[in-house]
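Read through the structure below, which is laid out as structure tokens, and then see the notes.
The values are calculated or read from the model by the stated rules, or taken from the named source; none is laboratory data. Please read these numbers as outputs of a predicted model, since none were measured by experiment. Neighbour counts are summed over all protein chains in view; Cβ atoms, including those assigned to glycine, are modelled from backbone coordinates with ideal geometry. The protein model used for the area step is the full one, side chains on, heavy atoms only, and it has no ligands, DNA or RNA in it. Shrake-Rupley method; radii C 1.70, N 1.55, O 1.52, S 1.80 Å.
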Amino acid sequence: MNAPESKRAFRYVGTRPVRPDGVEKVTGKAIYGPDYQAANMLHGAILRSPHAHARVRSIDTKKAEALTGVKAVVTGADFPTTEHIIMAVGESSSDLVHLSRNCMAQDKVLYDGHAVAAVAATSDEIAREALDLIEVDYEVLPHVLGIEEALADDAPVLHDDVFTKGVNPTPDKPSNAAMRVEMGKGDPEKAMADADVTVSGRYTCEAVHQGYIEPHACVSAWDSDGQVRIWASSQGHFAVRSLTAKILLISEADIRVTPLEIGGGFGGKTTIYLEPVATLLSKKSGRPVRLAMSRAEVFRASGPAPGAVIDITMGANKDGMITAVDMEFKYHAGAYPAITAHSGASSALSHYTIENSRVIGWEVLCNRPGTKAYRAPGAPQSIYAVECALDEIAEKLGMDKIEIRLKNAARPGDPNIMGIPQGEIGYVECLEAARDHPHWSAPLGPNQGRGIAGGAWGNYGGPSTAQVSIAEDGTVLVTTGSPDIGGSRAAMAMMAAETLQVPYEKVRVAIADTSSIGYSMVTGGSRTTFATGLAVTNASNEIIENLKGRAANIWEVNASEVAWGEEGAVCLAEGKTDETMSLAALAARTTFMVGAIGAESSVNPGGFLPGVGVHICDTEVDPETGHAKVVRYTAIQDVGQPIHPDYVEGQMQGGAVQGIGWALNEAYLYNDKGCLDNPGFLDYRMPVASDVPMIDTVMVEKFNPGHPYGIKGVGEVPIVPPLGAVACSVSEAAGVRMRDLPLTPDRVHEAMHPDD
Amino acid sequence: MSKIHVTTTINGDESEFLCTPGETLLDALRNRLGLTGSKEGCGSGDCGACTVVMDGQMVCSCLVLAAEAQGTTIDTVEGVAEGSELHPVQQKFLERGALQCGFCTPGFIVASKALLDHNPDPSETEIRYWLAGNLCRCTGYDKIVRAVQDAAAELRQERTPA
Ligand code: FES
Ligand code: FES
């Protein structure tokens, strides 16, 4: 069910046409990362550390090199020395040296699965056989996996050159505390002391993998003139280009990255793992080299979202006004410093107006793969604790859980924690939609509980380039640099069709390689439909102006006397008002009269608005086993103007189920040697179809005035509320407050039967 | 290494290939026959992206040895459409927006068709349990289940003479 339709009348925007890349994807024709083959290609394989933490004393590759069929072997020694510069990686950033060493360890391995050497051979079997012949002499070091353990005074320190950022003065001793952030306002201590009720608790959640079904893969071909071609699936081929170029000291114009179809990313494919390695193997062998990860490699060596330990105290007055929040959270950074704590802190309270708050966040290094973005990076964890604490306050006060949220909800114009006024956010509307939804008032069965939680994510704009050109028959070609992960080609075609007032089917969309279109930032941060869509709209508008000029010339009138509509150019000049000229007619003149019709737009828009959502979750807990099952779920979100509602709902549903997995099942299991015990889908248990019900969606359509089509990013928010919604639901069903995720049957059972 | 010669019928066509003894059917389909529609998400039978039908039986092709395909009949996602005519399951996946990244889609299409081939009127629960061997990380399964329901309804209508 949906909230009332938006008042704005659009012809295509808001409809549900079949996506332009649909047929090739349902017939198995689309070429994804692992599907690409280059002529004369070699097969690469990567040797990975079996230790969580070790010094690499030496690597002997002679025997591997001597094996028939082996054409190249690469180790960390083949990587050029890079400088400590901070590189943008998606919405986040990383030190170039760390990015390089994550692709291939140099003096130390920092996690089980860290790459130490790579081979290219004439077949996959030979490449794997060669890996067994590489002798690595490790000096095994003590390792550390847990957040608290990593902060202990006697913890093994991962990097001797990481000194806590964000504390004054900077410590002179290196530690695993990579970063501290603090945000806040007012006087939380006094307000807490004055509060009528307070709640305190420690909440924890585990690191989880994005779980994209397509493993990382690429082919790289280096030529002796220094030019490189890379075919890879990623969330941003421009990021693949710039990171590979910087790591290997190649100029960016010498690298041409062709985007292949991407089989899911969720933030995890905004970085690189394989491309520099494949490029070096290609340089050494003189042939194109393919590298692909197995699922186990994906789990062991690509970045999860951080696990967290969160301490929160919340105070409120009798009426349910939250007067103070004091929270301190610690996130796993993994093997390299990350900056997720920053967004975790800025998001934590952004959907509420709370006068007095202090939010402290830490990034903690440990011997796990470096963490990466996963939908709204940093927000689900901190907001999980905030929503649960709010739930506890409501319980203490005997208040309705929607009423208490409405009372504290941020409204447009309210300042966020950094003092910046919020734009047209629809949190109140989402809460009202939740209150009015039949789910909220439906009776619960035995052993069932209902949880509700909200959440927000700031969203983003960022640079995008798009070209629109008109073919000689008047059909439309849109070209962008934004990989399509979830239907964005359809959204681009719809915005072009809407702007140019041509049928949707007349618009086709291509995603160009890095040498064929200007820079575009990654597809991530809920920015693509917003920012790339704006570039498409701008370019389309420029074309309309150009076409009006052409028609004006033909009619010998001023361009200002020409309008544009469904029928094409329409003459407004006196005496010629019945003149029209279709796009096809204007385009037909391209070849002999005037030049090609096309426009390019590069944008870096502000005007993006936060996304907010509210989820309602019912679970049923089996008192015998402690197994919790989601039996009903409703996701409500302010989506701005949905362009293609199917793919907006799809983001909401997919994110909700990922969040359910995070809350109920998913966790990494490390053994006492620090090696991952569950690097596969059997034991890393993501939700399957029989685990979940239909996910009802309500799109609250609060138009974004900062975008011609009113778009707000929708991809991130859906994973924010589920942790709190599921945890509160299970807590109610089990009759005991559950604060540690995932809520596995053994945990729930133990909480329900503490005396067993 | 000496190779094994395998003769099989794939999507109605007689096919032959050479494979190593340890090679999976999935690798043979993808690397030897160029049928890259079947995907590898795990290689361990846990994601269903490699689902094919072998002698009428739905299997994970990553768990079948290529040599075992000798003399069998195999249907892959590439054979689901009849020429350029999409199967109703494919059509409904498109109409319902039941794919986002599309990487899991070939496996779901093959599995869903296999379900409807032997159960024309599955309940939601039957659909969910039948597809429980196929992982999708993007969609949350809602639109996939609805697409299968729609396809089932359409196929029933096609089968009932008006
Ligand atoms: S690849 Fe065969 S089940 Fe995953
Ligand atoms: S559509 Fe991406 S995994 Fe299913």
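List of remarks:
- Unique residue being within 16 Å of ligand 2 (Cβ to nearest atom) and either open to solvent by 20 Å² or more (accessible area, probe 1.4 Å) or in contact with a Ser or Thr (Cβ under 8 Å, 6 or more places away or on another chain) (or both) when the list is B:52, B:59, B:64, B:77: B:77
- Selection status of residue B:107, small (Gly, Ala, Ser) and either away from ligand 1 (no atom under 16 Å from the Cβ) or facing chain A (nearest Cβ under 8 Å) (or both): no
- Subset of segment A:11-54 that is crowded, with 21+ Cβ neighbours inside 10 Å and of a type in the set (S, T, N, Q) - its residue that is farthest from the other protein chains (Cβ to nearest Cβ): A:49
- Scanning segment B:61-87 for residues that are within 16 Å of ligand 1 (Cβ to nearest atom), in contact (Cβ under 8 Å) with a residue 60 or more places away in the chain and assigned to a loop (DSSP other than H, G, I, E, B) turns up just one, B:76.
- On inspection, residue A:229 qualifies as of a type outside the set (A, V, I, L, M, F, W, C) and under 28 Å from residue A:463 (Cβ atoms).
- Subset tally (residues that are of a type in the set (A, V, I, L, M), closer than 28 Å to residue A:426 by Cα and more than 14 Å from every other protein chain (Cβ to nearest Cβ)) for segment A:448-492: 4
- The condition (being open to solvent by 10 Å² or more (accessible area, probe 1.4 Å) and among the aliphatic types (A, V, I, L, M)) is satisfied by just one residue among A:551, A:493, A:535, A:559: A:559.
- Residues (open to solvent by less than 10 Å² (accessible area, probe 1.4 Å) and farther than 30 Å from residue A:344 by Cβ) located in segment A:275-303: A:277, A:278, A:279, A:281, A:282, A:289, A:291
- Boolean, residue A:674 is at the interface with another protein chain (Cβ under 7 Å from one of its Cβ atoms) and part of a loop (DSSP other than H, G, I, E, B): no
- Here residue A:272 does not qualify as surrounded by fewer than 23 Cβ atoms within 10 Å (Cβ to Cβ), out of contact with any Pro (no Cβ under 9 Å at 6 or more places or on another chain) and not in a helix (DSSP H, G or I).
- Residue match in segment A:688-700 (condition: within 16 Å of ligand 1 (Cβ to nearest atom) and within 8 Å of chain B (Cβ to nearest Cβ)): yes
- Count of segment A:253-266 residues which are open to solvent by 10 Å² or more (accessible area, probe 1.4 Å) and in contact (Cβ under 8 Å) with a residue 40 or more places away in the chain: 7
Yes/no matrix, rows are residues, columns are (1) within 11 Å of chain A (Cβ to nearest Cβ); (2) more than 13 Å from the chain's Cα centre (by Cα); (3) within 16 Å of ligand 1 (Cβ to nearest atom):
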residue	(1), (2), (3)
B:18	no, yes, no
B:22	yes, yes, yes
B:34	yes, yes, no
B:42	yes, yes, yes
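- Which listed residue is buried (at least 17 other Cβ atoms within 10 Å of the Cβ), aliphatic (A, V, I, L, M) and part of a loop (DSSP other than H, G, I, E, B), from A:245, A:155, A:150: A:155
- Residues that are touching a strand residue (DSSP E or B) at 6+ places or on another chain (Cβ under 7 Å), touching a residue at least 12 places away in the same chain (Cβ under 8 Å) and over 30 Å from residue B:141 (Cβ atoms) within segment B:3-22 comprise B:3, B:4, B:5, B:6, B:7, B:8, B:9, B:15, B:17, B:18, B:19, B:21, listed in sequence order.
- Check on residue A:554, more than 41 Å from the chain's Cα centre (by Cα), among the aliphatic types (A, V, I, L, M) and not in a strand (DSSP E or B): yes
- Matching option when the condition is in contact with a helix residue (DSSP H, G or I) (Cβ under 9 Å, 6 or more places away or on another chain), assigned by TED's automatic domain parsing to the domain that holds residue A:421 and of a type outside the set (Ser, Thr, Tyr), among A:614, A:509: A:614
- Condition met for residue A:511 (in contact (Cβ under 8 Å) with a residue 40 or more places away in the chain, open to solvent by 10 Å² or more (accessible area, probe 1.4 Å) and touching a strand residue (DSSP E or B) at 6+ places or on another chain (Cβ under 7 Å)): yes
- For segment A:64-77, the criterion of being within 14 Å of another protein chain (Cβ to nearest Cβ) and open to solvent by 90 Å² or more (accessible area, probe 1.4 Å) is satisfied by at least one residue.
- Qualifying residue in segment B:88-105 (condition: assigned to a strand (DSSP E or B), more than 16 Å from ligand 2 (Cβ to nearest atom) and either open to solvent by 20 Å² or more (accessible area, probe 1.4 Å) or under 30 Å from residue A:684 (Cα atoms) (or both)): no
- From the options A:520, A:469, residue that is closer than 25 Å to residue A:716 by Cα and either in a loop (DSSP other than H, G, I, E, B) or open to solvent by 10 Å² or more (accessible area, probe 1.4 Å) (or both): A:520
- Taken together, A:700, A:714, A:631 contain a single residue that is buried (at least 24 other Cβ atoms within 10 Å of the Cβ) and over 20 Å from residue A:305 (Cβ atoms), which is A:700.
- Scanning segment A:304-316 for residues that are surrounded by 22 or more Cβ atoms within 10 Å (Cβ to Cβ), within 14 Å of another protein chain (Cβ to nearest Cβ) and over 18 Å from residue A:244 (Cβ atoms) turns up at least one hit.
- Residues of segment B:81-104 classified as more than 9 Å from chain A (Cβ to nearest Cβ), under 16 Å from the mean Cα position of the chain (by Cα) and not acidic (Asp, Glu), total: 2
- Checking each residue in segment A:198-212 for being more than 16 Å from ligand 1 (Cβ to nearest atom) and either open to solvent by 30 Å² or more (accessible area, probe 1.4 Å) or not aliphatic (A, V, I, L, M) (or both) picks out A:198, A:200, A:201, A:202, A:203, A:204, A:205, A:206, A:210.
- Total residues in segment A:270-299, condition among the aliphatic types (A, V, I, L, M) and more than 26 Å from the chain's Cα centre (by Cα): 3
- So residue A:125, is it free of Cβ contacts under 8 Å to residues at least 12 places away in the same chain and more than 34 Å from the chain's Cα centre (by Cα): yes
- Residue check, residue A:650 touching a Ser or Thr at 6+ places or on another chain (Cβ under 7 Å) and closer than 21 Å to residue A:455 by Cβ: yes
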